[in-house]
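One structure is given below, encoded as structure tokens.
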Amino acid sequence: MNKTNIYAKFYLRQTLFTFQEASCYNGIILRIWYGMGMDSMGKRKDYINWDEYFMGIALLSALRSKDPNTRVGACIVNGRNKIMSVGYNGLPLGCSDDEFPWSREGDEYDTKYPYVCHAELNAILNHAGGPLDGCKIYVPLFPCNECAKAIIQSGIREIIYISDKYADTVGVKASKRMLDAAGVKYTRLKGTHSALTLSFEEKSI
Ligand SMILES: [Zn+2]
């Protein structure tokens, strides 16, 4: 089989071929095709985009939360798409999940509200080093006014969120008032996937 025939064979099939099969013909041709982009070689089209990837990490982080009602995660990313930090809503270090209240009602002292550290603040405080100036924060729920203060002060310049269901509350209105004044952008997540599934089963690896 000559080289022309090999090209025609690979192009028309438009699919991945095994190294074993290709090496039977010509290893040099195989390497040329690998360096050309390879749309015709079966590259996946349904991979998640950067925003979905980082929001996915925020959502995964939220699963660590012990809060029975609200689970929020956050992921901070720099301008080179490097993850700087992650966090989720939880109690401060040393405050036991088993001893502090998780209730939403009753005497405020015995509710979760005075104690829980929100995901955004935890992500900012957890970050191990390097400037957060110019970073983005991915958080499923629009940040409250307290977290907005921390976001602004840390130098984060953009918020990517999914839900703004508390938009009519004073907290979120105040949050937007401060974010607008400080020039911090906020954008609803744009993606092509409505859901993703993770499996820990060996057979799925
Ligand atoms: Zn908050």
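A few notes on this one:
- One chain, two ends: Thr169 and Lys190. Fully extended at 0.36 nm per residue, the span grows by 5.1 nm beyond their Cα-Cα distance.
- Distance histogram for the stretch 54-102 (every C-alpha pair counted, 10 angstrom bins, percent rounded to whole numbers): 27, 43, 23, 6, 0
- Peptides 43-54, 126-137, 68-79, ordered by how many other C-beta atoms sit within 10 Å of their residues on average, highest first, read 68-79, 126-137, 43-54.
- Dividing the alpha-carbon radius of gyration of the stretch 80-153 by the rule-of-thumb value 2.2 N^0.38 Å gives 1.24.
- Just so you know, the Cα atoms of the stretch 37-174 work out to an Rg and Dmax of 17.0, 64 Å.
- Percent of beta bridges antiparallel (DSSP, the stretch 76-205, rounded to nearest 5): 40 percent
- Summed residue charge, Cβ within 12 Å of Ser103's Cβ, Lys/Arg positive, Asp/Glu negative: -3
- Computed on the stretch 80-205, with alpha-carbon pairs under 8 angstrom and 6+ residues apart, the relative contact order is 20 percent.
- In nm, spacing of pseudo-spin labels at Asn49 and Glu201 (7 Å Cα→C-beta vector): 3.1 nm
- The phi torsions of the stretch 169-183, fed into the Karplus equation with coefficients 6.51, -1.76 and 1.60 and a -60° offset, translate into couplings of 7, 4, x, 6, 4, 5, 4, 5, 4, 6, 4, 5, 5, 8, x Hz, rounded to whole numbers, with Gly and Pro shown as x.
- Length gained on full extension, Ser96 to Leu60, computed as 0.36 nm times the residue gap minus the Cα-Cα distance: 10.8 nm.
Quick note: the coordinates plus some simple rules give every number you see, no bench work behind them. This is a predicted model, so every value here is computed, not measured. Because the Cβ atoms are built from the backbone with ideal geometry, glycine has one as well, and the counts that use them run over all protein chains shown.
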